[in-house]
1. Could you check how many residues of segment A:161-177 are more than 10 Å from chain B (Cβ to nearest Cβ) and in a helix (DSSP H, G or I)?
2. Can you name the residue in segment A:191-206 that is under 11 Å from the mean Cα position of the chain (by Cα) and of a type in the set (D, E, K, R) and, of all such residues, is farthest from residue A:142 (Cα to Cα)?
3. Applying the selection to segment B:127-153, what residues are over 32 Å from the mean Cα position of the chain (by Cα) and closer than 22 Å to residue A:89 by Cβ?
4. Which residue pairs have Cβ atoms closer than 6 Å, lie 6 or more positions apart in sequence or on different chains, and pair a first residue in segment B:136-154 that is closer than 21 Å to residue A:172 by Cβ and more than 7 Å from chain A (Cβ to nearest Cβ) with a second residue that is at pLDDT 95 or above and buried (at least 22 other Cβ atoms within 10 Å of the Cβ)?
5. Confirm whether residue A:127 is more than 18 Å from residue A:108 (Cα to Cα) and within 14 Å of chain B (Cβ to nearest Cβ).
6. Count, please, the residues in segment A:78-123 that happen to be within 14 Å of residue A:21 (Cα to Cα), surrounded by fewer than 24 Cβ atoms within 10 Å (Cβ to Cβ) and either within 11 Å of another protein chain (Cβ to nearest Cβ) or in contact with a His (Cβ under 9 Å, 6 or more places away or on another chain) (or both).
7. Which one of B:203, B:192 is outside any helix (DSSP H, G or I) and either without any contact (Cβ under 8 Å) to a residue 24 or more places away in the chain or more than 19 Å from residue B:36 (Cα to Cα) (or both)?
Amino acid sequence: MPESDTARSEGSSGFAPAAPLELRHVTKRYPGQSSPAIDDLSLEVPAGEVCVLVGPSGSGKTTAMRLINRMIELTSGDIILGGSSVLERRPDELRREIGYVIQQIGLFPHQSVGENIATVPRLLGWDKARIARRSDELLELVGLDPEEMRGRYPAQLSGGQRQRVGVARALAADPPLMLMDEPFGAIDPINRERLQDEFLRLQATVRKTVVFVTHDIDEAIKMGDRIAILREGGVLAQYAPPAELLSRPADDFVAQFVGADRGLKRLALTTLGDVDLIQPNGLAPSGRRVPLASTVRDALSMILTAGGQPLTVVDDDDHVAGLVTLELVGGLLGTDGALDGALDGARDGGDGSDGASGAAGEGGRSS
Amino acid sequence: MIVLASAGPVIPVFGGAPSSYACERANRLFCPDWVSQNWSNVLWPALRQHVVLSVVAVVIGFVIAFALALLAYRRRAVERPIILISGILYTIPSLALFEILVPIKALGLSVRTAEVALVSYTLLILFRNIVTGLRNVPDDVREAARGMGMTARQSLWRVELPLALPSIIAGVRIATVTVIALGTVASYICDQGLGVPIFQAIQDGVFKTELIVAGGLAVALALFADGLLVLLQRALTPWSRARAR
């Protein structure tokens, strides 16, 4: 992980860049309520992976997240972070080692951007020079100009800038785990997509273990390495990588929650580079051009708007890689075997020879 | 006889230098000469006493109200009783309150009595503003402070109190102006402050210069203190004026 060198060199306060997280039979019962808010929830998040908690309101997804940093105390069960139980830690010390981003962000209005980012390092007693270096580094990491931004107050920022500062603040002390509660929920759709992409790029660099809460299944599929779908009453309905969730929903609840368009969502996880394109075989390529990195779903949309005409797929150097047609896409979806084969191949580390090359999950999000 | 008898006592005797005699005798409302001759021996000491009287009252009132407000912020149950008691203190007419306090042995006709009364008028204003300021801190900010690992004390001193400052200082401004105004009444029992020349003028009946000057000084002092507190707030809360660019 050479990309994380900067984060690691600054974060020398004694903990690893990422830590595995495990929830063991976690139950939360509020006094005076007959049914638990979280019911026997068990899941493991490997170090450096994004686990999305998703579900309808009342499913306890935010509660489950807040149990991890002990904003809420669990009733029974255990939560293991980096090998030791969070229950053995002092809550405030534990929280300093867990990045925390909430929907309203909660920047401190009376502090400048730089002071906001310095919050946890100050609590940890870093010296001033180190904090200043770290704060500038993080501003750059989230795509903000330190010179221009560090002295501003939150009231002087746009919604997107506030969100970025919120993420920088959560990352400041290089926590091994990040908790994000609908972090993009209050952002307009266009900026939300941009922030999601930015976060995925950022995550590819810092490789934190992330628990991400959302009610939006599309966001879950885009952001998650694994998705935990919770149903009402805090019961885990299914915990699986996005591709598996879409191809093999565990029950009707999951199928309904991921939506009737789960076929299209699967196409969105696959790029044209992952499928066997039709070779033009000497025919002059015609029709609209589409980059190899596009998702099959986008390609399908372009074919449909072009009245069903095939598209020419081109790589980064504008060389023709092949053609994509309506029939090809229909074949991927219709005969269930083709796309599932690719997805299985990706999961089992197989060769993906049965219709599409592997790594659909990875390929779909590396753009 | 009647003319002499009525003219005699109404001419004030103190500080009556010959040069201002004509003015006083003419019984005009305002005699500049009287002001310049009595500034250093009457007005300036009264003003200084008044400043001390007010500052002491506001500081003591703030310390008590601050402690009570923190208590009420943590334990909501005590908020109503505190508001009730300080509200009763606030509504007692000031002269009546002085009369109630004077018979108390430890107080009597002293500055202490005046201060107790003045402090009691600041409590409700200061308490309410401090509690309101703290309660108005946005929930997401409090949540973020806790979620990042601040202890309750760190969150209070580093986040919640700074954000409550505009409301707290607004309370101090009202309390200060109130105390400066009421402080003139305090002279009734303790012979201190700008109330002294005012009461003197009321007793004298006709000569109004000292009443006007002392009253004017009280108003000027209130405005000056208020302005000073505005400047203090600006210095302490630069963020409150930051707006989107």
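The values are calculated or read from the model by the stated rules, or taken from the named source; none is laboratory data. On a predicted model such as this, the values are computed, not experimentally measured, just so you know. Cβ sites come from the backbone with ideal geometry, for glycine too, and all protein chains shown count toward neighbours.
1. Matching residues across segment A:161-177 total 8.
2. A:197
3. So the first thing to find is which residues in segment B:127-153 are over 32 Å from the mean Cα position of the chain (by Cα), and the list is B:139-152.
Matches in segment B:127-153: B:142, B:143, B:144, B:145, B:146, B:147, B:148, B:149, B:150, B:151, B:152.
4. Qualifying pairs under 6 Å: B:145/B:159.
5. Against the criterion (more than 18 Å from residue A:108 (Cα to Cα) and within 14 Å of chain B (Cβ to nearest Cβ)), residue A:127 does not qualify.
6. 3
7. Among B:203, B:192, only B:192 is outside any helix (DSSP H, G or I) and either without any contact (Cβ under 8 Å) to a residue 24 or more places away in the chain or more than 19 Å from residue B:36 (Cα to Cα) (or both).
Results for (1) under 21 Å from residue A:217 (Cβ atoms); (2) of a type in the set (A, V, I, L, M, F, W, C); (3) at pLDDT below 85, shown as yes or no for each residue.
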residue: A:273; (1), (2), (3): no, no, yes
residue: A:324; (1), (2), (3): no, yes, no
residue: A:338; (1), (2), (3): no, yes, yes
residue: A:353; (1), (2), (3): no, no, yes
